[in-house]
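Remarks on the structure that follows.
The values are calculated or read from the model by the stated rules, or taken from the named source; none is laboratory data. In this text the structure is predicted, and so the values were computed from the model without any measurement. So basically every Cβ, Gly included, is an ideal-geometry build from the backbone, and we count neighbours across all protein chains shown. For accessibility, only protein heavy atoms count, side chains too; no ligands or nucleic acids. Shrake-Rupley method; radii C 1.70, N 1.55, O 1.52, S 1.80 Å.
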Amino acid sequence: MASPRLETFCCPNRDAATELVLSFQPWVFCGVCLGSAAASLAFSLLQLLPKKGRAPRKAPKASSSATILLLVSACDMLGALGIIFRSTVWLGFPNFVANISVVNGTDVWPAAFCVGSAMWIQLLYSAGFWWLFCYAVDSYLVVRRSAGLSTIVLYHMMTWGLAILLCVEGIAMLYYPSVSSCENGLEHAIPHYVTTYVPLVLVLVANPILFSRTVTAVASLLKGRQGIYTENERRLGTEIKVRFFKIMLVVVICWSPNIINEGLLFYLEMQPDINGSLLKNVRNAALITWIIMGVLNPMQGFLFTLAFYGWTGWKLDLQWRKSEIPWESMSTSTAAENAYGLPGENSVNFHDSKKTSIAPSHQTDEALSMLSEGNLGSDDRLTRNSPVYQGW
């Protein structure tokens, strides 16, 4: 799981609240994290690999939405891989882990492993949150027809730049001037916790606002396409709204235990004696949410693939496919390419006399297809005659 408390585990003089959760059934906790992360990684790969019985979809050539969704899944899977590595070392080499908290120890590898694995997990999950924020921004810009070829480059710069900056800054403040002196005061701990939870809070606050505005803009876009709001347009708008809701639901389910746990632990830290009888219920609640975090945090990757694509099935199709001969499907491929051009991009049309009348409808379909892409089940639930899905 991903928690700033695990970075403080590398400190020999950690606070009493952190010691409470880290010393509570460490074998059980590491086993839970290992099992949850391994299951999430396996099922995420199963979701993303090609399946038998599904025709290959023609994805938009320059769409950033599908790329962002894949990057979110990649960050979660790599973060789960880091949790697997850390939990395996903790379970398999207890003597090695015990040397982490030794003051003035001569062996630097335990501390290096502790700090390195914690930074790896924090960096990837933080990057995943930044990519989710970029997805909300991109969805809104696509509907407003303000997204272009260069936006994905800007998203990469913002996501990795901010994730690395906040991670390094938080870790540096926590371990300054050395690992043996970290957590000596709030001036060390608070910046670390702030930099860890800023991306999560941003997603919880900003994404619902952006998603809500996008849904409103989609409804206006659908109504203005043909001047009427048919059942197909209504179902498409509902499909996009449900996708946004599922994304936010996964974030809330997987990370609300972290917020509750941190609130309880900070409350315990402010007490003169956390072992008092009056604080028993608070301690129990903190320990319960700590175990729940170990289950839900790594499962985010798999749950996101369900939110993005639905259940894609068990039957893998790993056979090499012969490339399609270009002249065998020139007309259909050209039509699909025209249907999925970027907003504002001139589409190639064989009927020049109809170009001006079709272009606005094509631009609308382009924007809607970008929001609908990645949902493998939507073309089964919605009509195949809709122009949004004709390129699939």
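Per-residue Karplus couplings for the range 264-278, computed as 6.51 cos²θ - 1.76 cosθ + 1.60 with θ equal to phi - 60°, are listed in order as 5, 5, 5, 5, 5, 4, 7, 8, x, 9, 6, 8, x, 5, 6 Hz, Gly and Pro entered as x.
Ignoring ligands, DNA and RNA, please state the percent of accessible area on the range 243-316 from carbon and sulfur, probe 1.4 Å. Intermediate results must be reported in sequence, preceding the final value.
Numbers: 2470 of 3420 Å².
Carbon with sulfur: 72 percent of the solvent-accessible area.
Peptide packing: for 9-18, 116-125, the average count of neighbouring Cβ atoms within 10 Å per residue gives the ranking 116-125, 9-18, highest mean first. Between amide H atoms placed 1.01 Å from N, distances below 5 Å from Lys51 occur with Asp317, all of them 5 or more places distant or on a separate chain. Highest mean first, the peptides 23-32, 240-249 sorted by other C-beta atoms within 10 Å per residue fall in the order 240-249, 23-32. Scalar couplings 3J(HN,Hα) for the range 37-44, obtained by applying the Karplus form with A = 6.51, B = -1.76, C = 1.60 to θ = phi - 60°, are 5, 5, 5, 5, 5, 5, 6, 5 Hz; x denotes Gly and Pro. Our estimate of slack between Ala16 and Ser220, defined as 0.36 nm per intervening residue step minus the Cα-Cα distance, is 68.0 nm. Largest first, the extents of the alpha carbon coordinates of the range 1-44 on the three principal axes equal 38, 18, 13 Å.
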